[in-house]
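Remarks on the structure that follows.
The values are calculated or read from the model by the stated rules, or taken from the named source; none is laboratory data. Remember, predicted model here, so these are calculated numbers, not experimental data. For neighbour counting, all protein chains shown are included, and Cβ atoms are generated from backbone atoms with ideal geometry for every residue, glycine included.
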Amino acid sequence: MRVLLLLFITSFFSYATPLSIVFKGNEKLSSDQLYGVLGLRKPYAVEVWEDTPFIDLIAIPQSVSALSSFYRSKGYYHARITSEINDKEVIFTIEENAPILVGDLKINSPLEIENVITLRNDDPFDQEAFSASKTAMKKKYADAGYCNANFNTKAWVDIEVNRAYLLFEATPGEKCTFGPIHVESTPNVDRELTASMLRFEEGDPYNVEAIRLSYEALYAQEGITRVMINDNERNGSIVPISLTIEESERPIRFTAGLGYSSDEGFRAQTGIKHRNFLGDLKTLSLDTKYSQLKQDASGAIAIPLQNRGLLGGEVGYTNEIFDGYRTESTHEKVTAKYQDTPISVMAGVLFDRIRTYASEDIATFSNSVLFITSPLGEINIDTRDKPLEPTKGYWLNAKLTGSLRLMALSDATYFKSLLSGAYITSIDKHVFGAKLKWGTIRLYDGEIPSSYRFYAGGMNSNRAYMYRELGPKNSDGDPVGFNALTEGTLEYRFPIYEEFRGVLFSDVTVASENTFADFINDVYWGVGVGFRYVTPVGPVAIDVGVDPYDLDQYAIHFRIGELF
């Protein structure tokens, strides 16, 4: 009896002891994919704090079944998977064998859909890719306004000859239009206001992308916590819309954060915001920010208007440290903005009182107290797919400001412009990007603060230089800034392993004291490499840049998110 009990206890603990996992024979499918099938993840080499995945003995039969099903879904119908157990590990031996290949692919569609069908002749028959292609085909028709299209998609698999025969067929029917829009709002939010935020109107051609953009526009209102756009009803080719929103039950939000950037060093911020102040999604906020170079406090109000308008007001105080001098600013700003996709337009007025003090070079950075009243104008076009980690699209931005010297209104007559743009494209997971920035400032009368000039260098500029360190310096070694600035960047972003990415880049800066940059004498180059780790809030980025004509000139930069 004791012997039987001992055998039972030994058997129990052997089954309870987790075993490490080894995959053998998998050539077409990676071990990381197979870990994922089992609900596990093997730690990256840098994650030394994470344990290696383990599996219980009791789960091995189910794991073999799951791995077999996964191989079948990827087209490997003849794959054989066996398990072998020793004292420390379980070895899954995989015979992948020949896959089922796509032997014939037929597409019958009035719309061009070949580009959304990811399977091709002689590809392994991937069931997930087949389902994704069906979904993409339906979306293509919905985006084109065919809400009642009929689809016929089939796959015949012949395991004797290892061939799959696929059919993608579509009948579009009549084009659809958006019908009446019914809005269910809350007592504190006007129905007409929320309806005007939709990116479509009654009578417009039906379009799924317009619905997606409407979700984005409504969720951008911080006082809204839930949005439902129901387009499931049909009245022939008319699609009635039912819009339902819910406002936040706790509209007051506190924020606080700590961080570090290579431009401004240690950073901290805190703030409070009412996200539905006096109703209709108006926001009222108070914020304070601190870094080693800049400290500011501000209060702002934003008032959404019908037809995608936004009125804004802001008052603030800023103290900033420049090399060779400091500035202290109090400002008031009033803006009116039209927000659409992909275009937004802003106009406003800035009242800025700037005190320049603690100058170490009076001739270059004069101590002064100046009052500048500047009309503001900005146009922005942004078609990027993801602002923090874009893979395609472009953006263009134009900022214009200036002033007339008038008693008690402004101490300078000047004009400043800043034009910038970027283009991003990708091939598979390889991303290519180009960015260009051009700015000029011209003083006609009076005096403007030294901080209004252009400075270059840093993680958002030429990465061979530290923040605001590029260009000619005075006798104390302090950068003096520029009246004209042109900068360009080329980047190649490529995958390394899983969430890790690499970047090769080249930056060029052309800066001049003249209004238009001298493209011959004042050129600064930077080349380098970067490293990215993708997180839910954007990629954590490290860039190392060097001047190829002066290898002693280099800089290291940290940030979250891509440059463009």
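Observations on the structure shown:
- If you go through the range 273-321 and keep only what is touching a Ser or Thr at 6+ places or on another chain (Cβ under 9 Å), more than 21 Å from residue 189 (Cα to Cα) and hydrophobic (A, V, I, L, M, F, W, C), you end up with 286, 297, 315, 321.
- Options 90, 22, 37: the member that is modelled with pLDDT of 75 or more, more than 30 Å from residue 155 (Cα to Cα) and surrounded by 15 or more Cβ atoms within 10 Å (Cβ to Cβ): 90
- Selection status of residue 407, touching a Lys or Arg at 6+ places or on another chain (Cβ under 8 Å), farther than 23 Å from residue 360 by Cα, at pLDDT below 95 and not basic (Lys, Arg): no
- Test: residue in the range 108-117 that is more than 35 Å from the chain's Cα centre (by Cα) and under 28 Å from residue 158 (Cα atoms): yes
- Residue count, the range 456-473 (criterion: surrounded by fewer than 22 Cβ atoms within 10 Å (Cβ to Cβ) and either polar (S, T, N, Q) or more than 18 Å from residue 292 (Cα to Cα) (or both)): 3
- Taken over the range 279-315, residues that are closer than 29 Å to residue 451 by Cβ and part of a strand (DSSP E or B) amount to 24.
- Checked against (1) of a type in the set (Lys, Arg); (2) surrounded by 16 or more Cβ atoms within 10 Å (Cβ to Cβ); (3) farther than 30 Å from residue 211 by Cβ, residue 120 passes all but a single condition, namely (2).
- Residue match in the range 389-407 (condition: surrounded by 15 or more Cβ atoms within 10 Å (Cβ to Cβ), more than 25 Å from residue 507 (Cα to Cα) and of a type in the set (Asp, Glu)): no
- Qualifying positions in the range 259-278 - over 30 Å from residue 469 (Cα atoms), hydrophobic (A, V, I, L, M, F, W, C) and assigned to a strand (DSSP E or B): 272
- Residues being among the charged types (D, E, K, R), more than 34 Å from the chain's Cα centre (by Cα) and assigned to a strand (DSSP E or B) - total across the range 154-213: 4
- Every residue from the range 157-194 that is β-branched (Val, Ile, Thr), farther than 16 Å from residue 228 by Cα and surrounded by 13 or more Cβ atoms within 10 Å (Cβ to Cβ): 157, 171, 177
- Counting only residues that are outside any strand (DSSP E or B) and over 32 Å from the mean Cα position of the chain (by Cα), the range 321-343 holds 2 of them.
- Subset of the range 243-258 [in contact (Cβ under 8 Å) with a residue 12 or more places away in the chain, part of a strand (DSSP E or B), surrounded by fewer than 17 Cβ atoms within 10 Å (Cβ to Cβ) and not basic (Lys, Arg)]: 244, 246, 252, 254, 255, 256, 257
- The residues listed here are 84, 95; of these, the one that is charged (D, E, K, R), free of Cβ contacts under 8 Å to residues at least 12 places away in the same chain and within 23 Å of residue 26 (Cβ to Cβ) is 84.
- Selection from the range 189-207 of residues that are under 19 Å from residue 223 (Cα atoms), of a type outside the set (Val, Ile, Thr) and touching a strand residue (DSSP E or B) at 6+ places or on another chain (Cβ under 6 Å): 191, 195
- Strands (runs of 3 or more DSSP E) (entirely within the range 344-463) containing at least 2 residues that are of a type in the set (D, E, K, R): 368-382, 430-446
- Any chance residue 373 is polar (S, T, N, Q) and modelled with pLDDT under 95: no
- Residue that is farthest from residue 235 (Cα to Cα), among those in the range 137-158 that are in contact with a helix residue (DSSP H, G or I) (Cβ under 8 Å, 6 or more places away or on another chain) and in contact (Cβ under 8 Å) with a residue 40 or more places away in the chain: 139
- Single residue of the range 62-79 satisfying the filter (free of Cβ contacts under 8 Å to residues at least 60 places away in the same chain and outside any helix (DSSP H, G or I)) that is nearest to residue 161 (Cα to Cα): 76
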